[in-house]
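See below for the structure under consideration.
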Amino acid sequence: MSAISDTILRLKDELPSDVELVAVSKFHPVDAIVEAYDAGQRLFGESRPQELHAKILSLQEMASGSPGSFSDIEWHFIGHLQTNKLKLVLPYVSLVESVDSLHLLQAIDRWGEANDRITDVLLEYHIASESSKQGFSREEILSLLCPDLQDTICSGSTVAASGQYEGRRYPHVRIRGLMGMATFTGDEAVVRADFARLMSLYDEIIALRDAGHCHEVGEDFNIRSFGMTHDYRIAVSMGADMVRIGTLIFGERA
Ligand SMILES: *Cc1c(COP(=O)(O)O)cnc(C)c1O
């Protein structure tokens, strides 16, 4: 048994059945994906548009002799996505985990309108202390998801019930939850504090939604994606629904 399939099987065993494993195959060759696939892994994460696209094409080519194989692979996009690369990504992925700006969200919505498609996305929440990492602040996420609430707060009036935000502003995206990356540190307390911020914003959004705010949030807002090779055990213990693991499965990236 290869190291890759070994680790996949071990993780399936270790992770609770309601936690989804995204095998992050970025920078690794297609052969590595095939090994993970043969061990039963179906969900993969990639972070660069060209690389994702090239891998999909070569898997299609490999499968052309034996119809059906690899067609049940599901892809998540997890990296920074430029709006001029949408067509390399959006037709092929079931979830964009890394929406990190309003500009990108709007572009995905417009692309969906033009291509008659609704894209599932997560909003990337900047929980780490490194400023190099991408993502929205808490305030940005709340004002994006709950524009009625923001107006209420800002103007002091109670426009929330006026119905001016009936219907969604971005009908071609479905915002399914939050994604975050903790500070890169061996200090578990820091990682826990980062993850706790994501859990708490998620709970806040659910409570606001259930109180009738947050018109961009539906009942299908139910994904908290956090935890990677170094911190996935902490993530699982704190309530992650989805972990994204690369190095542990595929080895160090070149
Ligand atoms: C690369 C990457 C991962 C996987 O990281 P590992 O430490 O290799 O497990 C997870 N999430 C995102 C957003 C990434 O870019």
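Read-outs: derived from the displayed coordinates by stated rules, not from any lab. Keep in mind the model is a prediction, meaning the values are calculated, not measured. All Cβ positions, even for glycine, are placed from backbone atoms using ideal geometry, and neighbour counts span all protein chains on display.
Among all helices in the chain defined by DSSP H, which have a length of 24 Å or more along the axis from Cα atoms plus a Kyte-Doolittle mean of at least 0.0?
Working: long enough: 188-210 (33 Å, 0.33).
In the chain, the long hydrophobic H runs are 188-210.
When only Cα pairs below 8 angstrom with a gap of at least 6 residues are kept, the stretch 1-80 shows a relative contact order of 32 percent.
In a simple Cβ point-charge model (Lys, Arg +1; Asp, Glu -1; nothing else charged), the chain has a dipole of about 420 debye relative to its Cα centre.
Report the Cα centroid-to-centroid distance between the stretch 223-241 and the stretch 17-63 in angstrom, as an integer. Going from one Cα centre to the other spans 20 Å.
Quick one: if the Förster radius is 25 Å, what FRET efficiency do residue 206 and residue 82 give, using the C-beta to C-beta distance and rounding to 0.05?
Details: r = 31 Å, r/R0 = 1.24.
Efficiency at R0 = 25 Å is approximately 0.20.
Tell me the relative contact order for the chain as a rounded percent, counting alpha carbon contacts under 8 Å between residues six or more apart. The partial results should precede the final answer.
Working: 426 pairs, mean separation 51.4, N = 254.
Normalised by residue count, the contact order of the chain is 20 percent.
Within a Cβ distance under 13 Å of residue 82, other residues only, what is the Lys/Arg minus Asp/Glu net charge? Local charge sum for residue 82: +2. Annotation: lysines with alpha-carbon distance below 16 angstrom to residue 85 (same-chain offsets under eight excluded): 55. Between 97, 46, 219, the Gaussian network model of the chain with springs among Cα atoms under 10 angstrom shows the greatest mean-square fluctuation at 219.
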